[in-house]
Amino acid sequence: MDSELRQKLDRGDVMKRYQAIQEIMKVVTDELVVCNIGHPSQELFQISDRPRNFYMLGSMGLAPSIGLGLAMSTKENVIVINGDAAATMNLGYMATVGYNRPPNLVDIIIDNQANGSTGFQPSFTANRLKLQDVGRACGIENVYLIEQQTKIAPTLAEALHDQTGSSLIIVKTDVGLEAPLDVIPMGPGQIRDRFMAELT
Amino acid sequence: MTNPQEFDPTEVLYKELKKSGLDFFVSVPCKLLGDLIDQLREDDSISYTPVSREEEGIGILAGAYLSGKKPAIVMQNSGFGNSVNAICSLLNYYQIPVVFIISHRGSPGEPIEAQKVMGNAIYKLMEAVDVDILEVKEASGVANIPKCIEKAHASSRSLGILLPFSYWGNGQ
């Protein structure tokens with residue numbers, strides 16, 4: 001991690017994931033949203049539950065793959081809310097996004113440099129991994145790196161508007177939860193059915 | 001690609017897969033399935049992408065299913081081991097049916113000893129994760145594919161079509 005970001009984190013100048021998801025949902029209208037398992041999905045549910053959210057209850061790492069499958073088979077805009085450790089777990093997905101480049105896919109990685117849902121073990125981005133460089137090397141056209149909360153909404157709006165290829169937005173955040181979270185009170189069948197009903 | 005049974009194993013398989021309504025494919029490379037993968041890549045009437053690994057492919061197919069597609073993955077049986085968590089916690093948990101088109105390495109006729117370990121494990125592995133098996137040992141067996149896929153979709157269960165060496169012929 002670069003020292004400037006470390007200093008900001010130490011000062012508490014950096015948003016948490018909760019604020020990042022709030023900013024994302026300010027921009028979202030009718031986009032499909034696929035969200036990573038664990039705390040991210042629970043926070044999204046708390047901030048803005050809607051039928052066009054697909055909450056993952058398992059298969060960590062596959063959120064952007066589900067998003068890619070949706071983007072390749074619909075004309076709808078698809079937003080993925082993923083985490084840095086989940087992205088690292090399925091790093092090959094970026095090669096497949098770069099191969100297909102659907103312009104309706106915006107992949108957001110909220111990078112808190114930790115495996116938050118499992119006890120805040122440091123992740124690879126806390127060390128030397130730069131996911132933005134992986135994305136560029138895989139041929140993803142529009143790669144953004146954000147450290148300020150105020151830049152999230154305009155950057156997401158730009159990425160949704162852009163039609164040249166897929167977008168990857170890395171948002172650097174602090175670790176930790178904003179508030180206690182509840183388990184999502186929906187089973188997999190309900191999540192699936194109401195999501196699919198939006199698409200057929 | 002002719003073989004002693006005088007049928008083209010790729011052509012007859014491809015015909016039945018198309019007849020079954022499958023319209024979204026991903027693949028992981030395989031020599032036995034190479035001609036099928038070439039056909040999928042060139043078929044403008046379906047969606048297709050190569051994937052880096054089977055588990056990733058299952059995620060993509062789940063997304064495709066959610067938007068109304070009938071998805072399938074083309075892969076070797078060894079890749080089934082890479083797929084187990086995605087099958088259980090994504091496909092089975094959300095009841096998303098995927099068709100696995102699997103070349104059965106390690107089946108009788110396999111020239112590479114190392115392939116036999118996963119080759120022997122595949123049946124129990126598929127049973128353990130609740131994926132139904134259709135084993136197609138010879139050309140006539142492909143006729144069962146459309147009705148098995150229809151049943152899989154109707155019951156929201158995934159189906160594995162196992163294609164051993166005996167299907168592909170000795171010329172492989």
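The values are calculated or read from the model by the stated rules, or taken from the named source; none is laboratory data. All of these numbers come straight from a predicted model, not from anything done at the bench. With ideal geometry, Cβ positions are generated from the backbone for all residues, glycine too; neighbour counts draw on all protein chains shown. What goes into the accessible areas is simple: the full protein's heavy atoms, side chains included, and nothing from ligands, DNA or RNA. Shrake-Rupley method; radii C 1.70, N 1.55, O 1.52, S 1.80 Å.
Among the residues of region B:74-100, write down those that are open to solvent by 10 Å² or more (accessible area, probe 1.4 Å) and under 16 Å from the mean Cα position of the chain (by Cα). It would help to see each step written out before you state the result.
Applying the first criterion (open to solvent by 10 Å² or more (accessible area, probe 1.4 Å)) to region B:74-100 yields B:76, B:78, B:81-82, B:84-85, B:88-89, B:92-93, B:95.
The answer is B:Gln76, B:Ser78, B:Gly81, B:Asn82, B:Val84.
Entry remark, region A:61-82: residues being open to solvent by 10 Å² or more (accessible area, probe 1.4 Å) and in contact (Cβ under 8 Å) with a residue 24 or more places away in the chain number 5 in total. Give the residues of region A:40-60 that are among the aliphatic types (A, V, I, L, M) and open to solvent by 30 Å² or more (accessible area, probe 1.4 Å), sorted by residue number. A:Ile47, A:Leu57, A:Met60, listed by residue number. I'd like the full set of residues that are surrounded by 24 or more Cβ atoms within 10 Å (Cβ to Cβ) and either within 15 Å of the chain's Cα centre (by Cα) or away from every other protein chain (no Cβ under 11 Å) (or both), limited to region B:63-73. Those that are surrounded by 24 or more Cβ atoms within 10 Å (Cβ to Cβ) and either within 15 Å of the chain's Cα centre (by Cα) or away from every other protein chain (no Cβ under 11 Å) (or both): B:Pro71, B:Ala72, B:Ile73. A search for C-beta distances below 7 Å between a residue of region A:177-200 that is within 14 Å of chain B (Cβ to nearest Cβ) and any residue that is among the basic types (Lys, Arg), counting only pairs 6+ apart in sequence or on different chains, returns A:Phe195/A:Arg52; A:Glu198/A:Arg52. Of all the criteria given as (1) touching a strand residue (DSSP E or B) at 6+ places or on another chain (Cβ under 9 Å); (2) closer than 20 Å to A:Tyr144 by Cα; (3) β-branched (Val, Ile, Thr); (4) open to solvent by 10 Å² or more (accessible area, probe 1.4 Å), the one not satisfied by A:Ile37 is (2). Do we have A:Gln163 as open to solvent by 30 Å² or more (accessible area, probe 1.4 Å), polar (S, T, N, Q) and either farther than 20 Å from A:Ile47 by Cα or not in a helix (DSSP H, G or I) (or both) here? Considered against the rule, which asks whether it is open to solvent by 30 Å² or more (accessible area, probe 1.4 Å), polar (S, T, N, Q) and either farther than 20 Å from A:Ile47 by Cα or not in a helix (DSSP H, G or I) (or both), A:Gln163 comes out as yes. Summed over region B:109-148, residues that are touching a strand residue (DSSP E or B) at 6+ places or on another chain (Cβ under 7 Å), open to solvent by 40 Å² or more (accessible area, probe 1.4 Å) and part of a loop (DSSP other than H, G, I, E, B) total 1.
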